[in-house]
Every structure is written in C-alpha cells, then in structure tokens.
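*Asks:* First the structure, which I've put down as structure tokens, then a few questions once you've had a look.
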Amino acid sequence: MNLQRMTGLSVFVLALSALLLAVCDGEDPAGPTGDKIRPTVKVTSPQDGATGVAVDMGVSVTFSEPIDTASVDSSTFFLDGDVTGAFGFGGNTVTLTPDSLLAYSSPYTVTVTTGITDNAGNELSEPFSWSFTTVDDPATLPPTVVSTDPADGATGVYAPISATFSKAMDPATLTPSSFGLSPSVGGVVTYSARTATFTPDDTLEYDSPYTATITTAVADTSGIHLESDYSWEFTTGPDPMIPVAALVWPPDSAIIGDSVTVTAEASHPVGISCVEFYIDGLYLAAADDSVAPYEYSWDASDLAIAGVHTLLARAYDSAGRVGISDTVTVFYRWEELIADGNDPWRTDIARVLARSTSTLLEMRYEFSESWYNPYDTILDDTTLDLGIYFDTDQSGLSGRTDFAGIQLNDIGAEYRVIIGLHGVDTALAVWQGGVWQPVFDIEGFAYLSLPPDTNVLEFGINWSDLPPGPAADIVSINLFFRSPTSFYPDWVPNQGQGHVTVRHASRYIGEEFSYGSPHPERPKDKPAVMRDNPFSSRLPRRL
C-alpha cells in the first residue's frame, strides 16, 4: 500500500472515531432537536435556610425550562427522612406534596439529581440541594395574650374586663388571684372560646384608673404557663347618675354687651333640681334656675371695656350630685365683624372685631398664631405687617383701587393704616395726588396695643381723622397682610372679594372715652413730607 493511500485512510479513521466518540458522549451537534442547553434550578420554595416552615407545606423547585415529567420520581427529587409524596407539575415548576405532615421543629434537606432532564434529554448539570426547618409544635409554645377589652389606655370604661389568648387555656388556672385588678377589686373569672372575663363583684369607682394583670399562674391545656405577667391600664367612665351640664349661650369667644341671657342645658336620669351659673368662677346672687330652660340674666354693664370673662354652669340632682359644664370665654363690648374661614397658618388673620362711639373707632385683630416681636428688624415670618384700607365715601371709583397689580376688592381707599414693621413712617395716610400722604405716625392713634408674643392687635382712631362719608356714615375696611419675607395678601373674608363695615355711631356698643391729648398737629410751616409706599420696598427699621 502506498503512502498516499495510507495517509488518506488514517485521516478517515480518525474522523470516524471522533464522530463516534461525540455521539457516545451525547453531544451530537444536531441531536433530536438541536438543544444542548442543560436545565438549571432558578427558585425554590421554601427558600434555602428558611425557618418556621409550616408542616403541611409542599416543596417546589422552579427550573430554567420545562422538565421531562417522566424523569421526576422519588430517586431524582426527594426529601431526607424517607418522606414520600406526590409530584405535581405546572410550567417550569415541580412540586412534591408529602403524604403526611412533616415533623415539628425539624431540619429537612431537599435534593434534585442529574437524573432530571429537559424535554430534549439534557440532564441537570449537577445535583442541587437546599435546607429548611419546620415550625415549632404549637403545643410546646407558651400561651400569649393577643387582645384585651378594654384596650390598653382606654377611657370611659364600664363593661367587664376580658382577655383573649393565643391558644386554649386551662379554665382551672383562671381565678381572681391570677386575673385581677389593681386597686384590688373582688370578682369572678369565667372562660369561653379562648377568652377569660373578669366581672367585678361591685361597680368600679367612676373616673378612676385601674390596672388589669394576668399572672404566670395561668396555663394552657398542656400545662404550659404564661412566660411573664401581662398587664394593661384603663380608666373608668363618669358616674352615669352625675348630671350633665352644658352652656348653650353665649357661645365660646362671643362678644357680649350690657345684658346677657346665659342659658344652659342639663340632664339626669331622675331629674335636675337646680342649675347654678358662675361668672369668672364666682356664683352671683340669684344666679340659679330650677326650671328648664335654665337661664340667668347677667347684668354686665359694670364691667371694664374689652374685658375677657369666663362662664360655666353647675347642675345638681336631688341627691346633691353635681355636673359641671365646659368653660366658655366671652369678650365684653367687642363685636365680631368677620371670621376668616381659610385654614389657619402663621400669617393669617383669624377674625376682626370692632366697637364704636360717636368719637372713636376701635379695632381688634386676632391672628392664627403669635408673632415674636412686631417691630423686630430681623426678617422673620412671624413679624407683623398689617395694612387696613378705608373707603370713606363708599365709592370704588375714587381713592386707591389697586395695589401691586391686585385689586383692593370692591373699594376705593381714601385712607390707609399701616401697623407693624413698616409702620415707622406711616400710621395713617390719605390718598392724594396719586400718592399716600401721611396724616400722623403711631403716636397719633388714640391708643395702640401691640405687645410681643401675642396674637392680638388693638387700636383706636378718632373718627375726626376719617371724615364721614354719605349719610350712613359707613367706613368700609379691607385687610392686607404681608410677612417680612414674602408678599402675601390675606383678604378678609377668606382671601376673597369683600369688605366689612363699621358704622360711625349707634352700630356697636360703646361709651365716650377720653384718651388725653389728640395727636400733635403738624406745624403749619412744615408741609407734609411725601413718603414712599412702605409696602413697596424693604426698609427694616425699629420704632
């Protein structure tokens, strides 16, 4: 045989041998489907290392592709401990459901072997195992209190006291010595459906705190005791036989005049014998009523103007038991013009009050929060800045009608009062020649009350400084608020259109007052100095 034929034959034999070896190793590049990818484990349930696994839970494994169900049996997918069960298939997931419950408090290892193949016959690349531990036997766990009635911290309690446990309890261990109250109260304990109930022998003290305690003497039906004492607190309700009293007039924060009919409601299961009325904590002569509606005619005419006073009522039954109403606060001789209904915030005017005599206009502003110091130069968002615009001729066509592009609602302002940080240059100004010209500074007020750390501003201004308008002598006011750090209009009412009205005379309760010398007259040889609108620039100053 020549060398050329031997070389060709050798090459053929080597190629044939390599092909046969490849076929024997299952790596035929064509294969039945051309699939050479081996399946892998993607997800297990329970997870590896899981604890507290339910004993009736199945074990499942999700592969990277569908598995040949014929390759899954007890030799390729199993739990240690000779656990037997049935296999279920869904998508890429295989589940083994044990024939019986797993053991409590036990570790288990699950294994899938390389005997599992995909539908192309490719085997799992390597065996895969994971482990978990089952839940403890509930019978071996100590009982716990899962809920109480009343709940911890409850008030107004009248009913018996009960506790519900996590498992069935031994009723013999539930006694007044293992479940009771402090201060000590006699009673009986009953048990049903995991709930123990303590019923006092007598009514608990009203409006009193109590502590309920269940001790470790309590045990379940297996004799396992509570691990530690369990306690909770509650407060009993008021005596239902105590009369109930409530003031219904005047309402809280009301403005009152010289004559006030104070009215109360009172109730009692048997009946009310008498209702007493107290002004500023004092019972006044004949300030009682024994027939509904319960009323007291209060003569407040001797009170100091702008005083704040408190009212309450006490209702008695025939046994002398007494019920006391909530306290109501009232303002004497201030009348509420309007309350601002928008959500309160730091730079919000809550309400406006006023009173008037034939010579004096007095205004009161209440804010949602206190300011720190109304004249502080620090740019703080609690510093006061208040502008009040007066329309004395009741015409929206005359006076100042806009400000920084904002309409002054429906008024034309002939006068303006500035109080607060910008009030150094101008307290009262008149709109003339298209500019504000000052009339007087803050010393020109009849009075000005603007203390720090408060939410109330009051001032008085002589009517003679605001020439009366048409026959009704009405002054319309509109409010403007600006914080020192931002421009913010707070029109009252409710940041919307509108105004409030103060009559020159006979509109609000009042008397004639003398506040000493009027504001100093400006020397005739010194004409009024034109000044910039204090709201148009930031010029921090102190008074």
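*Asks:* Considering 234, 277, 198, which residue is in contact (Cβ under 8 Å) with a residue 40 or more places away in the chain, among the aromatic types (Phe, Trp, Tyr) and either touching a strand residue (DSSP E or B) at 6+ places or on another chain (Cβ under 6 Å) or in a strand (DSSP E or B) (or both)? Spell out the reasoning first.
*Replies:* Details: 277 fails: in contact (Cβ under 8 Å) with a residue 40 or more places away in the chain; 198 fails: in contact (Cβ under 8 Å) with a residue 40 or more places away in the chain.
It is 234.
*Asks:* Would you point out which residue out of 46, 66 is surrounded by 18 or more Cβ atoms within 10 Å (Cβ to Cβ) and of a type outside the set (Lys, Arg)? Give the derivation first.
*Replies:* Values: 66 fails: surrounded by 18 or more Cβ atoms within 10 Å (Cβ to Cβ).
Only one candidate passes the filter, namely 46.
*Asks:* Answer yes or no as to whether residue 203 is of a type in the set (Val, Ile, Thr), outside any strand (DSSP E or B) and not assigned by TED's automatic domain parsing to the domain that holds residue 309.
*Replies:* Yes: the conditions hold for residue 203.
*Asks:* Next up: Only residues that are in contact with a Phe, Trp or Tyr (Cβ under 6 Å, 6 or more places away or on another chain), without any contact (Cβ under 8 Å) to a residue 40 or more places away in the chain and surrounded by fewer than 17 Cβ atoms within 10 Å (Cβ to Cβ): list them for segment 152-180, please.
*Replies:* Let us first name the residues in segment 152-180 that are in contact with a Phe, Trp or Tyr (Cβ under 6 Å, 6 or more places away or on another chain), namely 152, 154, 157, 161, 171, 174, 179.
Among the residues that remain, those that are also without any contact (Cβ under 8 Å) to a residue 40 or more places away in the chain are: 171, 179.
Matches in segment 152-180: 171 only.
*Asks:* So, in segment 336-368, of the ones that are among the charged types (D, E, K, R) and farther than 22 Å from residue 255 by Cβ, which residue ends up modelled with the lowest pLDDT?
*Replies:* In the first step, residues of segment 336-368 are kept if they are among the charged types (D, E, K, R); the result is 336, 340, 343, 346, 348, 351, 355, 362, 364, 366.
Adding the requirement that they be farther than 22 Å from residue 255 by Cβ leaves 343, 346.
Numbers: 343: 57, 346: 49.
Across segment 336-368, the extreme among qualifying residues is 346.
*Asks:* Please verify whether residue 150 is of a type outside the set (Lys, Arg), closer than 30 Å to residue 189 by Cα and within 30 Å of the chain's Cα centre (by Cα), treating the condition exactly as stated.
*Replies:* On the way: of a type outside the set (Lys, Arg): yes; closer than 30 Å to residue 189 by Cα: yes; within 30 Å of the chain's Cα centre (by Cα): yes.
Yes; evaluated as a whole, the condition is true for this residue.
*Asks:* Would it be correct to say that residue 149 is over 30 Å from residue 101 (Cβ atoms) and of a type in the set (D, E, K, R)? If you could, list the steps in order and put the result at the bottom.
*Replies:* Values: over 30 Å from residue 101 (Cβ atoms): yes; of a type in the set (D, E, K, R): yes.
Against the criterion (over 30 Å from residue 101 (Cβ atoms) and of a type in the set (D, E, K, R)), residue 149 qualifies.
*Asks:* Let me ask another. Take residue 184 and decide whether it is among the polar types (S, T, N, Q) and surrounded by fewer than 12 Cβ atoms within 10 Å (Cβ to Cβ).
*Replies:* Details: among the polar types (S, T, N, Q): yes; surrounded by fewer than 12 Cβ atoms within 10 Å (Cβ to Cβ): yes.
In short, yes.
*Asks:* Right, here's the next one. For residue 217, all conditions in the list (1) without any contact (Cβ under 8 Å) to a residue 60 or more places away in the chain; (2) surrounded by 13 or more Cβ atoms within 10 Å (Cβ to Cβ); (3) assigned to a strand (DSSP E or B) hold save one; what is the number of the exception?
*Replies:* Only one criterion in (1) without any contact (Cβ under 8 Å) to a residue 60 or more places away in the chain; (2) surrounded by 13 or more Cβ atoms within 10 Å (Cβ to Cβ); (3) assigned to a strand (DSSP E or B) is unmet by residue 217, namely (3).
*Asks:* Exactly one condition in (1) assigned by TED's automatic domain parsing to the domain that holds residue 58; (2) more than 30 Å from residue 70 (Cα to Cα); (3) not in a loop (DSSP other than H, G, I, E, B) is false for residue 163; which is it?
*Replies:* Status for residue 163: all satisfied but (1).
*Asks:* Out of the residues in segment 220-242 that are of a type in the set (Ser, Thr, Tyr) and within 30 Å of residue 156 (Cβ to Cβ), state the one that is surrounded by the fewest Cβ atoms within 10 Å (Cβ to Cβ). Please lay out each step first, then the result.
*Replies:* Looking only at segment 220-242, we keep the residues that are of a type in the set (Ser, Thr, Tyr), and these are 221-222, 228, 230-231, 235-236.
Now narrow it down to the ones that are within 30 Å of residue 156 (Cβ to Cβ): 228, 230-231, 235-236.
Details: 228: 11, 230: 18, 231: 14, 235: 16, 236: 19.
Looking at residues that are of a type in the set (Ser, Thr, Tyr) and within 30 Å of residue 156 (Cβ to Cβ), I get 228.
*Asks:* If you don't mind, another one. Could you say whether any residue in segment 249-256 is over 32 Å from the mean Cα position of the chain (by Cα) and either outside the structural domain of residue 356 (by TED's automatic domain parsing) or aliphatic (A, V, I, L, M) (or both)?
*Replies:* Looking through segment 249-256, at least one residue is over 32 Å from the mean Cα position of the chain (by Cα) and either outside the structural domain of residue 356 (by TED's automatic domain parsing) or aliphatic (A, V, I, L, M) (or both).
*Asks:* In segment 98-130, what residues are farther than 30 Å from residue 35 by Cβ and surrounded by fewer than 17 Cβ atoms within 10 Å (Cβ to Cβ)? Let's see the steps before the verdict.
*Replies:* Residues of segment 98-130 that are farther than 30 Å from residue 35 by Cβ, as a first pass: 98-109.
Within segment 98-130, 99, 100, 101, 103, 104, 105, 106, 107, 109 meet the criteria.
*Asks:* Any chance segment 151-166 includes a residue that's closer than 30 Å to residue 50 by Cα and touching a Leu at 6+ places or on another chain (Cβ under 9 Å)?
*Replies:* There is at least one residue in segment 151-166 that is closer than 30 Å to residue 50 by Cα and touching a Leu at 6+ places or on another chain (Cβ under 9 Å).
*Asks:* Residue by residue through segment 243-262, note down the ones that are buried (at least 19 other Cβ atoms within 10 Å of the Cβ) and within 11 Å of residue 313 (Cβ to Cβ).
*Replies:* 243, 245, 247, 262
*Asks:* Before we move on, is residue 132 free of Cβ contacts under 8 Å to residues at least 40 places away in the same chain, among the aromatic types (Phe, Trp, Tyr) and either out of contact with any helix residue (DSSP H, G or I) (no Cβ under 8 Å at 6 or more places or on another chain) or not assigned by TED's automatic domain parsing to the domain that holds residue 206 (or both)? Step through it out loud before you land on a result.
*Replies:* Values: free of Cβ contacts under 8 Å to residues at least 40 places away in the same chain: no; among the aromatic types (Phe, Trp, Tyr): yes; either out of contact with any helix residue (DSSP H, G or I) (no Cβ under 8 Å at 6 or more places or on another chain) or not assigned by TED's automatic domain parsing to the domain that holds residue 206 (or both): yes.
In short, no.
*Asks:* Shifting gears a bit: Does residue 286 meet the test of being out of contact with any helix residue (DSSP H, G or I) (no Cβ under 6 Å at 6 or more places or on another chain), surrounded by fewer than 17 Cβ atoms within 10 Å (Cβ to Cβ) and modelled with pLDDT of 90 or more?
*Replies:* Values: out of contact with any helix residue (DSSP H, G or I) (no Cβ under 6 Å at 6 or more places or on another chain): yes; surrounded by fewer than 17 Cβ atoms within 10 Å (Cβ to Cβ): yes; modelled with pLDDT of 90 or more: yes.
Yes.
*Asks:* Still on this model: Looking only at segment 237-249, how many residues end up being part of a loop (DSSP other than H, G, I, E, B) and among the hydrophobic types (A, V, I, L, M, F, W, C)?
*Replies:* First, pick out the residues of segment 237-249 that are part of a loop (DSSP other than H, G, I, E, B): 237-243.
Within this subset, residues satisfying the condition of being among the hydrophobic types (A, V, I, L, M, F, W, C) are 241-242.
Total satisfying the criteria: 2.
*Asks:* Residues being β-branched (Val, Ile, Thr) and closer than 24 Å to residue 135 by Cα: count how many of those fall in segment 60-118. So that I can check it myself, show each step before the final result.
*Replies:* Keep residues of segment 60-118 that are β-branched (Val, Ile, Thr), which gives 61-62, 67, 69, 72, 76, 83-84, 93-95, 97, 109-114, 116-117.
From what is left, the residues that are closer than 24 Å to residue 135 by Cα are 61-62, 83-84, 94-95, 97, 109-112.
The total comes to 11.
The values are calculated or read from the model by the stated rules, or taken from the named source; none is laboratory data. These figures come from a predicted structure and were not determined experimentally. No Cβ is skipped: glycine too gets one built from the backbone with ideal geometry, and neighbour counts run over all protein chains shown.
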